[in-house]
Amino acid sequence: MKTLVWICLIVISLLSLFPFYIMIVMSTHVTEDLFKGIPILPGDYLGENLHTVLRSDFLRVYGNSLTVSIAAVALAVLTSTLVGYAVAKFEFRGRKWLQLFVILTMMVPTQVGLIGYIIEMRHLGVGNTLWPVILVWAAFPFGGFFMIQFIRDSIPTDLLECARIDGCSEPGIFARIVLPIIKPGLATLATLVFLWSWNNYLLPLVTINKANWYTLPVFISNLGIVHRTDYAARMAALTMSTVPVLILFILGSRTFMKGLTAGAVKG
């Protein structure tokens, strides 16, 4: 039985990794070869595709995406943790309405408020820069909801009361008690925000018109020359753009899974 389970897991893993393999193989062929069928074996055109990507200011765009994703993680984790801690562990007037508001905002599609957000950013004088792509994570409904549930289930209220009786200040309780306990939740939220901000396409597309501020999804969609779309070079760029995400999941897979399941069981 155990052998059968391992065989099933291996087969599922290979099926899951096969699209990544095809993406890498396609990046080693010339674009015209891709229309003849899906290649299985690597070609000999990888150097030219990499040259096409790198001469298109790829490193600058890579830096833009890293800047956006790191700033988005810091901003979203900070605001979501503060909101989650306040709603989960403090009694104040309107607390239930605030939690309901967070849930309702999760139900509103992002595209509904997109035009208003763009106008707001232009009035603030930060339009056509990286700031609109970063500041959108300051109000992250899913992050607030996730941290509310995680903190409510992970931190006993009695523990906080004991710290207050011992004379610990509220900032001290948050920094010395709350943050160490919720590390799995923070790591999970940080991983999700990094992944979503790294792959975000719509917002950079409508807010950034200057090539100097492009992020990877917008850059890859425009990669090519005037009369020819270089799909093979796009595959090479996609392969390089998946490296940070793969490294992040490899390094934090255990913490990520722990954070996802921590609030599922009480007691």
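The values are calculated or read from the model by the stated rules, or taken from the named source; none is laboratory data. Remember, predicted model here, so these are calculated numbers, not experimental data. Neighbour counts are summed over all protein chains in view; Cβ atoms, including those assigned to glycine, are modelled from backbone coordinates with ideal geometry. The protein model used for the area step is the full one, side chains on, heavy atoms only, and it has no ligands, DNA or RNA in it. Shrake-Rupley method; radii C 1.70, N 1.55, O 1.52, S 1.80 Å.
In terms of packing, defined here as the mean over residues of other Cβ atoms within 10 angstrom, the peptides 22-31, 186-195 line up highest first as 186-195, 22-31.
How do 231-238, 70-77 rank on mean C-beta neighbours within 10 Å, highest first?
Working: 231-238: 23.6, 70-77: 19.8.
Ranking, from highest mean packing down: 231-238, 70-77.
If the segment from residue 60 to residue 93 were pulled out straight at 0.36 nm per residue, it would be longer than the present Cα-Cα gap by 7.1 nm. Over all directions, the projected convex hull of the C-alpha atoms in the chain averages 19.8 nm² in area.
In whole Å, how far is the Cα centre of region 14-39 from that of region 160-190? Taking the Cα centre of each part, region 14-39 and region 160-190 sit 48 Å apart. In deg cm²/dmol and to the nearest 500, what is the mean residue ellipticity at 222 nm of the chain if only DSSP H runs of at least 4 residues count, each as -39500 (n - 2.57), divided by the residue total? For the chain, the value works out to -21500 deg cm²/dmol. Here the label points at residue 205 and residue 48, each 7 Å from Cα along the C-beta direction, are separated by 2.9 nm in the simple model. Estimated translational diffusion coefficient (Stokes-Einstein, Kirkwood radius over Cα pairs, 37 °C, 0.692 mPa s) of region 51-163: 199 µm² per second.
If the chain linking residue 105 and residue 16 were pulled fully straight, counting 0.36 nm for each residue of separation and taking away their Cα-Cα distance, it would gain 28.7 nm. Converting phi to 3J(HN,Hα) with the Karplus coefficients 6.51, -1.76 and 1.60 and the offset θ = phi - 60°, region 4-20 yields 5, 4, 5, 4, 4, 5, 5, 5, 4, 5, 5, 5, 5, 7, 4, x, 5 Hz in sequence order, with x at every glycine or proline. The figure for residue 146 is an accessible area of roughly 30 square angstrom, using a 1.4 Å probe on the protein chains alone. Accessible area per residue (1.4 Å probe, heavy atoms of protein chains only) ranks 48, 170 as 48, 170, with the largest value leading. Across region 1-91, the fraction of Cα-Cα pairs farther apart than 21 Å, rounded to a whole number, is 65%. Sequence-ordered 3J(HN,Hα) estimates for region 114-125 from the Karplus curve with 6.51, -1.76 and 1.60 and θ = phi - 60° stand at 5, 5, x, 5, 5, 4, 4, 5, 5, 5, 7, x Hz, glycine and proline given as x. Largest mean-square fluctuation among 244, 217, 171, in a Gaussian network model of the chain whose springs join Cα atoms under 10 Å apart, belongs to 171. For the chain, the longest principal axis of the C-alpha atoms and the axis of helix 95-107 are separated by about 10°.
Taking only protein heavy atoms into account and a 1.4 Å probe, give the accessible area per residue of region 158-243 in Å². List each step's numbers first, then the result.
Numbers: 4230 Å² over 86 residues.
The answer is 49 Å² per residue.
For region 55-207, what relative contact order do you get, as a whole percent, if you take Cα pairs closer than 8 Å and at least 6 residues apart? Taking the mean separation of contacting Cα pairs over the length of region 55-207, I get 43 percent.
When each of the peptides 117-129, 172-184 is scored by the mean number of other C-beta atoms lying within 10 Å of its residues, the order from highest to lowest reads 172-184, 117-129.
For residue 249 and residue 123 in one chain, what is 0.36 nm times their gap in residues minus the Cα-Cα distance, to one decimal in nm?
On the way: separation 126, 0.36 × 126 = 45.36 nm, distance 3.80 nm.
Gain on extension, residue 249 to residue 123, equals 41.6 nm.
When the solvent-accessible area of the chain is split by element, carbon and sulfur atoms take up 69 percent of it, the probe being 1.4 Å.
For region 75-116, go through all pairs of different Cα atoms, get the mean of 1/r, take its inverse, and jot down that Kirkwood value in Å.
On the way: mean 1/r = 0.0851 Å⁻¹.
That comes to 11.7 Å for region 75-116.
With every protein chain kept in place and ligands, DNA and RNA left out, what is the accessible area per residue of region 1-127? Probe 1.4 Å, answer in Å². Show your work: numbers first, answer last.
Values: 8750 Å² over 127 residues.
Heavy-atom accessible area per residue stands at 69 Å².
Kindly state, to the nearest 0.05, the FRET efficiency for residue 166 paired with residue 78, given R0 = 35 Å and r defined as their beta-carbon distance. Spell out each step's value before the answer.
Details: r = 26 Å, r/R0 = 0.76.
Efficiency computed from Cβ-Cβ geometry: 0.85.
In the Gaussian network model of the chain, springs joining C-alpha atoms below 10 Å, which of 66, 216, 14 carries the largest mean-square fluctuation? Highest fluctuation of the listed residues: 14.
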